[in-house]
Amino acid sequence: MPDRESRTPRPLIVRCGALGDMVLLTALIEELHAQYRVPIDMLTSGSWSEPLLRGQPGVGEVLTLRSRKTPYWLAPDQRRSVRALRASGPRPTWLCDADDAARRLLDRAGYTAGDIVDVRDHPLRPREHATEQWRRLAAVLPQNWTAYPRVGPLTGRAGCHLCVSAEQREDLERWLRRRGLENAPLIGVQIGNKRTMRRGTRRLAANLKYWPQERWVTVLRHIRGRLPQHRLVLLGAGPEYALNRALEAATRIDGVVNAADDLPIPRLVALLSRAAALVTVDSGPAHVAAAVACPQVVLFGKADPFLYRPWGTVPADVKLLCGQIDGAASMLGIAVTDVTAAWDALTLRESPDRERGSPERPVT
């Protein structure tokens, strides 16, 4: 891993999380890059992390683990990462995981406790947002690296941010043309989550982000009635395609597009940077939308909306909805009328072909 002048080792962030976790982490990347003015290398996991982070300001090399919990002798990706870390030598490292799985890989690579800022030593403060924790952590240096050369101040910004490259925009335009959407204003809809299709059912007790299809049908018909020129794009990963297809059939309205079979992460980011708005469960795409200033209505289940609410550095209108069942937080406690009322009050982003200068007003 190269450094700024072949002398100063690059900072390293270790974070193995879901899509939304990695979007939130851009706050830490931004602060470290602002202070040290060198690319920030990453050790992470999942098929989403490298495509999400590639080309983002301040991001250097991204080492990706298929699974950090697989036994080491069965995991060639872990061994490759350890070899790369050992070859570069210890450097100031921010360990952002809540368990020791990745820490064991750092141990194998010759890192010591003095090389590491461990997030578990700097827990969340009361009423602190996740991005605020990351920005606070950026001001801390490991014990062995207190003389690491800081050349710039902290940004003083809040929230998370994603840049959309010209390549992403060009890919999106080609995709929109193939789908006949190039001239249509778009509304994103995210009804699923990573647990949606696990073990073949959407109603598992473990799936705390399930909202019934019949409620989504009513919401989509409401949006379509208010915005007849907009196309409703159903988002998601491949396993959510069948879920979206069932919803599309149940709505019995025109202008619904199921994109879950053809939406890699860079295209999702570009799409949400263009969309007029998003309606979604608490999900990775909700954080992506916030990071590209897409207005949205977000349905929360048991997760703390204060801690995990979508929050972008560029302001956009975000309506958070929470419900209760028998006194306990539950997404099932959110009524259809709650969602439609929030939607009607949402300030949409202007369409790409509208004149810049005045935001689109709430639908009334």
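Every read-out reported here was derived from the displayed coordinates using simple, explicitly stated rules and does not represent laboratory data. Quick caveat: nothing in here was measured; it's all calculated off a predicted structure. Ideal geometry is used to build each Cβ from the backbone, glycine not excepted, and the neighbour counts take in all protein chains shown.
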query = Computed FRET efficiency, Cβ-Cβ of Phe306 and Ser47, R0 35 Å: what is it to the nearest 0.05?
reply = 0.75
ask   = What is segment 12-145's relative contact order, in percent, from Cα pairs under 8 angstrom and six or more apart in sequence?
value = 26
task = Among DSSP beta bridges whose residues both lie in the chain, state the antiparallel percentage, nearest 5.
result = 5
request  = For Leu65, enumerate residues with amide H under 5 Å from its amide H, sequence gap 5+ or separate chain, H modeled in the peptide plane.
outcome  = Thr44, Ser45, Gly46
remark   = If amide H atoms are modeled at 1.01 Å from N in the peptide plane, then the residues at a separation of 5 or more from Val297, or on another chain, having amide H under 5 Å from its own are Leu278, Val279, Thr280, Lys319
request  = Tell me which residues come under 5 Å, amide H to amide H, from Val233 once H is placed; ignore anything under 5 positions away on its chain.
outcome  = Ile187, Gly188, Val189, Val257
task = Using Cα pairs closer than 8 Å and at least 6 residues apart in sequence, work out the relative contact order for the chain, in percent.
result = 15
message = Suppose only helical runs count, i.e. DSSP H with n ≥ 4. What mean residue ellipticity at 222 nm does that imply for the chain under -39500 (n - 2.57) per run, divided by all residues and rounded to the nearest 500 deg cm²/dmol?
response = -9500 deg cm²/dmol
query = Antiparallel as a % of all DSSP beta bridges within segment 166-345, to the nearest 5?
reply = 10
task = Rounding to the nearest 20 debye, state how big the charge dipole of segment 12-145 is about its Cα centre with +1 on each Lys and Arg Cβ and -1 on each Asp and Glu Cβ.
result = 320
key: Nearest-0.05 FRET efficiency for Val151 and Ser330, computed from C-beta distance (R0 41 Å)   = 0.25
ask   = Where in the chain are the DSSP H helices whose alpha-carbon span along the long axis reaches 27 Å or more and whose Kyte-Doolittle mean is at least 1.0?
value = none
key: Centre separation in Å (Cα based) which lies between segment 243-291 and segment 126-157   = 34
inquiry  = Which of the three applies to segment 12-145, rounded, prolate or oblate, going by the alpha-carbon gyration tensor with a ≥ b ≥ c and a/c under 1.5 meaning rounded?
reply    = rounded
inquiry  = Suppose each label sits 7 Å from its Cα in the direction of the beta carbon; what would the Glu350-Asp262 distance come out to in nanometres?
reply    = 3.0
